[in-house]
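The values are calculated or read from the model by the stated rules, or taken from the named source; none is laboratory data. The model shown is predicted, which means the values in this text are computed figures rather than measured ones. Backbone-built Cβ (ideal geometry, glycine too); neighbour counts: all protein chains shown. Surface accessibility is based on the protein's heavy atoms, side chains included, excluding ligands, DNA and RNA. Shrake-Rupley method; radii C 1.70, N 1.55, O 1.52, S 1.80 Å.
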Amino acid sequence: MRGWRRLLLEPTPASALPRSRPMPAWLAYTALAAAYLATFGYSLVGIVAAYLFGGTAPVTHPPTAENFWSQALPGWIQHAVLLLVVTAIVLLVAWRRRIRVRDLFAPEPPSAPAPENKRRARRQARTVFAWALAGMTAWMVASSVIGQLVPAGLAGGFAIENRSDAMWIVGLLGPTQFTTAPIEEPVVVAVLVILLSAAHRPAAEIYTVGAIAKVAYHAYYGPVVLLLIPEALLVLWLYRRTGRLWPVICAHAAYNGAYSLLVIAWPPVATYMG
């Protein structure tokens, strides 16, 4: 029984969570839309253009030795720029909401931390990491199952047929497999929750907006992307309950790295996930 208790998520006291300066709903949504478009606007345009002019979601084909760098470098540079953009967004939101930047990523530590408080904080962080990683893994498994049963549910993604394709695609993604997490999660989790909470929006509205926000820029997966909704809701719940974003970022990065290794070891799984 004690082992099961470790899986339970102990909430962070409300007094330790970031307390934002109130703001009107219209301003919260305007700021959120600006942050979202600055981060994901380019990807959304590509997805929409592919659907409008190609009739389907975009598919990434593996590069060759001749065109590897010409395909890989633009994506790597884009992520480097997006990291700077997200950093600016986080700094601006923290400044305007009168919140310390570190409080957006982890709860305020106790003024006089006792050994038990430190152990409790570490345990909470590990639990958030475990639940977030489990949610992402469940999304992968569910997508794989649907991909096998209903291939039409998948529309885009990566064109991988063998281990050579898998290795080229993993190489193409390169560092973006790990920079994706610190780009996405601060905006669609922390910034979203902070802004809408500052506007005193109800929890159901925060969860709905958060799920839509995450599904939208993953729309290249096709209809199967709807299976991402439970994972999006779970991560939002984890953050609202604990205020811990770092474990979510680490879980996302770990998931991407593990999935890349899985695709190399067993290339057919990529076909099932698009």
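Taking region 62-95 only, how many residues are in contact (Cβ under 8 Å) with a residue 12 or more places away in the chain and in a helix (DSSP H, G or I)? Before you say what the answer is, go through the steps one by one.
Initial filter on region 62-95 (in contact (Cβ under 8 Å) with a residue 12 or more places away in the chain): 62-64, 68, 71-72, 75-76, 78-80, 82-83, 85-86, 89-90, 93.
Subsequent filtering for residues that are in a helix (DSSP H, G or I) retains 68, 71-72, 75-76, 78-80, 82-83, 85-86, 89-90, 93.
Result for region 62-95: 15.
Looking at region 232-266, which of its residues are open to solvent by less than 10 Å² (accessible area, probe 1.4 Å), more than 13 Å from Phe129 (Cβ to Cβ) and not small (Gly, Ala, Ser)?
Result: Leu236, Val263.
Among the residues of region 220-231, write down those that are open to solvent by less than 20 Å² (accessible area, probe 1.4 Å) and over 15 Å from the mean Cα position of the chain (by Cα).
First, the residues of region 220-231 that are open to solvent by less than 20 Å² (accessible area, probe 1.4 Å): 222, 224-225, 228, 231.
Answer for region 220-231, where residues must be open to solvent by less than 20 Å² (accessible area, probe 1.4 Å) and over 15 Å from the mean Cα position of the chain (by Cα): Gly222, Val224.
Among the residues of region 150-161, is there at least one that is modelled with pLDDT under 90, farther than 23 Å from Asn256 by Cβ and hydrophobic (A, V, I, L, M, F, W, C)?
Here is the first cut: in region 150-161, the residues modelled with pLDDT under 90 are 150-161.
Now restrict to residues that are farther than 23 Å from Asn256 by Cβ: 150-152.
Narrowing the set further to residues that are hydrophobic (A, V, I, L, M, F, W, C) leaves 150, 152.
Checked against the condition, which is being modelled with pLDDT under 90, farther than 23 Å from Asn256 by Cβ and hydrophobic (A, V, I, L, M, F, W, C), region 150-161 yields at least one hit.
Can you tell which of Ala253, Ala211, Ala232, Ala204 is touching a Leu at 6+ places or on another chain (Cβ under 7 Å) and modelled with pLDDT of 95 or more? So that I can check it myself, show each step before the final result.
Working: Ala253 fails: touching a Leu at 6+ places or on another chain (Cβ under 7 Å); Ala232 fails: touching a Leu at 6+ places or on another chain (Cβ under 7 Å); Ala204 fails: touching a Leu at 6+ places or on another chain (Cβ under 7 Å).
Exactly one residue qualifies, and that residue is Ala211.
Go through (1) in a helix (DSSP H, G or I); (2) surrounded by 12 or more Cβ atoms within 10 Å (Cβ to Cβ); (3) acidic (Asp, Glu) and name the single condition Glu10 misses.
Only one criterion in (1) in a helix (DSSP H, G or I); (2) surrounded by 12 or more Cβ atoms within 10 Å (Cβ to Cβ); (3) acidic (Asp, Glu) is unmet by Glu10, namely (1).
Please work out which one of (1) among the small types (Gly, Ala, Ser); (2) part of a helix (DSSP H, G or I); (3) open to solvent by less than 50 Å² (accessible area, probe 1.4 Å) is the condition Ala106 fails and give its number.
Here Ala106 meets the rest and fails (2).
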